[in-house]
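The values are calculated or read from the model by the stated rules, or taken from the named source; none is laboratory data. Here the structure is a predicted model, which means the values were calculated and not measured. We place every Cβ from the backbone using ideal geometry, glycine too, and count neighbours over all the protein chains shown.
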Amino acid sequence: MDTDEFSEMAWGIIARAARVSDTLKAELGALSLNYKNEDDWLCGAQQHLQGILADPDAYVKLWNLEEFEGVTVNKINQLATNLNRQVNEVLGTPLNQRGVRGW
């Protein structure tokens with residue numbers, strides 16, 4: 001699936017990630033290529049976010065986020081927590097109510 005096909009709500013997850021970390025934004029966007037539909041991508045994104053939450057220090061070190069993006073362990077932990085909640089909200093919203101992006 002291409003991110004261009006995402007609903008407004010799903011795209012909002014990537015946009016919110018971009019405000020803090022270009023790396024996480026790119027990862028979430030790239031994940032879309034592995035899934036056939038938005039709900040599957042949301043579940044995959046949630047798994048990725050939960051992996052970050054399991055060891056945020058390792059994630060920050062892996063990508064050297066503190067040096068290159070100014071993203072600390074606390075900041076990535078907070079972002080992953082908030083994005084995980086946002087994913088749950090989107091999954092709980094029927095697809096036809098998630099908003100159409102106006103390209």
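Below, the figures for the structure above:
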| read-out | value |
| --- | --- |
| Yes/no for Asp22 being more than 8 Å from the chain's Cα centre (by Cα) and either modelled with pLDDT under 95 or farther than 25 Å from Thr72 by Cα (or both) | no |
| The one condition in (1) in contact (Cβ under 8 Å) with a residue 24 or more places away in the chain; (2) at positive phi that Asn64 fails to fulfil | (1) |
| Residues of the range 76-103 satisfying the condition of being more than 14 Å from the chain's Cα centre (by Cα) and part of a helix (DSSP H, G or I) | Leu95, Asn96, Gln97 |
| All positions within the range 7-27 that are assigned to a helix (DSSP H, G or I), touching a residue at least 24 places away in the same chain (Cβ under 8 Å) and not polar (S, T, N, Q) | Glu8, Met9, Ala10, Trp11, Gly12, Ile13, Arg16, Ala17, Asp22, Leu24 |
| Tally, over the range 48-103, of residues that are under 26 Å from Glu38 (Cα atoms), aliphatic (A, V, I, L, M), loosely packed, with under 13 Cβ neighbours inside 10 Å and modelled with pLDDT of 95 or more | 1 |
| Qualifying positions in the range 75-103 - out of contact with any helix residue (DSSP H, G or I) (no Cβ under 8 Å at 6 or more places or on another chain) and farther than 13 Å from Glu8 by Cα | Lys75, Gln78, Arg85, Gly92 |
